[in-house]
1. Being crowded, with 20+ Cβ neighbours inside 10 Å, in contact (Cβ under 8 Å) with a residue 12 or more places away in the chain and not polar (S, T, N, Q): is that true of Gly249 here?
2. Taking the residues in region 292-308 that are buried (at least 22 other Cβ atoms within 10 Å of the Cβ) and within 22 Å of Arg72 (Cβ to Cβ) as candidates, determine which candidate is farthest from the ligand (Cβ to nearest atom).
3. Can you tell me which condition Ala86 does not meet? The list is (1) modelled with pLDDT of 95 or more; (2) in contact with a helix residue (DSSP H, G or I) (Cβ under 9 Å, 6 or more places away or on another chain), and all the others hold.
4. Check whether at least one residue in region 308-323 is more than 25 Å from Thr11 (Cα to Cα) and not aromatic (Phe, Trp, Tyr), and report yes or no.
5. Just to be sure I understand the filter: pairs with C-beta atoms under 7 Å, separated by 6 or more residues or on different chains, first member in region 43-59 and in contact (Cβ under 8 Å) with a residue 60 or more places away in the chain, second member among the polar types (S, T, N, Q). Which pairs pass?
6. Is one or more of the residues making up region 232-245 within 28 Å of Asp14 (Cα to Cα), among the basic types (Lys, Arg) and at pLDDT 95 or above?
7. Has region 17-33 got at least one residue that is outside any helix (DSSP H, G or I), in contact with a Gly (Cβ under 9 Å, 6 or more places away or on another chain) and not aliphatic (A, V, I, L, M)?
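The values are calculated or read from the model by the stated rules, or taken from the named source; none is laboratory data. A quick note: this is a predicted structure, and the numbers were derived from the prediction, not measured. Virtual Cβ from ideal backbone geometry, glycine too; neighbours counted across all protein chains shown.
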Amino acid sequence: MQNNPFQNAMTQLDKAAKIGNFNPEFIQLLREPNREIRISIPVKMDNGSIKAFEGYRVEYNNALGPYKGGIRYHHDTDINEVKALAFWMALKCAVAGIPMGGGKGGITVDPKELSKGELERLSRGWVSRLSDILGPHKDVPAPDVNTTPEIMSWMADEFEKITGDKTRATFTGKPLENGGSEGRGPATGLGGFCVFEALQKKLNLPDKCIVAIQGFGNVGSNAARIFTENGHKVIAVSDANGAILNENGLDIAALEIYKKENETLKGFTGSKEITNLELLALPCDVLVPAAFENQITESNAKDVKAKVILELANGPTTPEADEILYKMNVAIIPDILANSGGVTVSCFEWEQNLKGEHWSEEQVNQKLRPLLDDASTKIFDISRKVNTDLRLGAFILALERIQEKMYK
Ligand code: GLU
């Protein structure tokens, strides 16, 4: 990877350490995860051969609760990416005010190249290699890029088989019929929208915004739908193959059906094709990166024309781009706040599993919004008070909460 996400995460930590009032020893501790594990997972392929895949789990910090964080399946995933994502999870859970620490997992694999059976054996293999360190009060994984509720179901089942634990609380993001929570699917997109609404006026955004979204996976498509349903205009979205634009606004409900049927966004009625880079440079009120790390960098930050960036992906903006955009007066609502709705509803799922309860989607969303409103307001106030950007405001809030718990 061109930009090492873990180095970027540490640069962010150093910047926050300079502004906040932190014990230097605490900051030093946070430069290493508590534990990082690499595994090799042998999988019986459909043709009878056995192929080994590289997998990871990084347990970063558990001061606030069990390690929590998703598992990413991607051909570019490596230990540096997983470490960065685990670090961000620790801060994200602290920002959201949930009793969870930070962890992350992954497998270097392009899941599209596997049959369903191979994918299931690989997922079960990840669990069997790591079952000793997982558990409702130890480490609670969840979905991330390319990992679905079905995969979480296989994993929960494998964990139960190996350990006999019947709580189902070791994996979140499961399907409803297998202990999942109402509202977990759209939670990251909805949470991002709640954070946007909490900050909309404070950031001088208009009542009705023009929005461009990079990514149309679970997070991007739900965000697009929710922005549209609330009267905002989504003019562009993208996937790995490119972006589409309609300055009059895309019909997101129709686009979701189109994408399912055609497996592409290209050719959607009334839209024209643009590149992912062009999408990032569109004139709009809110730019929503909802795909991968390192999308807005030193080389394209100056082209951004949005007033606000709402980071629904993890790590989409590099530290160099942060500085350029700060000078350009573009506010960045940072990932550890903007996408914290997902892990928050994961935490609700864990709580429901442990208590043997099932909450309605309304109950879930009623618990979600106040947590995000509170975090958004606190972060905005900190950033104004110490005259810095929202990312450093969020880091200060999270680091204060973790430090307090570790030294109490
Ligand atoms: N993968 C998601 C994230 O990056 C969700 C993690 C979770 O639900 O534990 O926040």
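1. Details: crowded, with 20+ Cβ neighbours inside 10 Å: no; in contact (Cβ under 8 Å) with a residue 12 or more places away in the chain: yes; not polar (S, T, N, Q): yes.
Taking the combined requirement at face value, the residue does not satisfy it.
2. Applying the filter and picking the extreme gives Ile296.
3. Single failed check for Ala86: (2).
4. Here is the first cut: in region 308-323, the residues more than 25 Å from Thr11 (Cα to Cα) are none.
Checking region 308-323: not a single residue is more than 25 Å from Thr11 (Cα to Cα) and not aromatic (Phe, Trp, Tyr).
5. Note: pairs meeting the criteria are Asp46/Ser115; Phe53/Thr108; Glu59/Asn34.
6. Initial filter on region 232-245 (within 28 Å of Asp14 (Cα to Cα)): none.
No, every residue in region 232-245 fails to be within 28 Å of Asp14 (Cα to Cα), among the basic types (Lys, Arg) and at pLDDT 95 or above.
7. Taking region 17-33 as the starting set, the residues that turn out to be outside any helix (DSSP H, G or I) are 20-23, 30-33.
Of the ones still in play, those that are also in contact with a Gly (Cβ under 9 Å, 6 or more places away or on another chain) are 33.
Pick out the ones that are also not aliphatic (A, V, I, L, M) and you get 33.
For region 17-33, residues outside any helix (DSSP H, G or I), in contact with a Gly (Cβ under 9 Å, 6 or more places away or on another chain) and not aliphatic (A, V, I, L, M): present.
Condition check ((1) more than 16 Å from the ligand (Cβ to nearest atom); (2) under 19 Å from the mean Cα position of the chain (by Cα); (3) of a type in the set (D, E, K, R)) across all residues:
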site: Glu182; (1), (2), (3): no, yes, yes
site: Gln200; (1), (2), (3): yes, no, no
site: Asn230; (1), (2), (3): yes, no, no
site: Asp251; (1), (2), (3): yes, no, yes
site: Thr264; (1), (2), (3): yes, no, no
site: Lys272; (1), (2), (3): yes, no, yes
site: Leu282; (1), (2), (3): yes, no, no
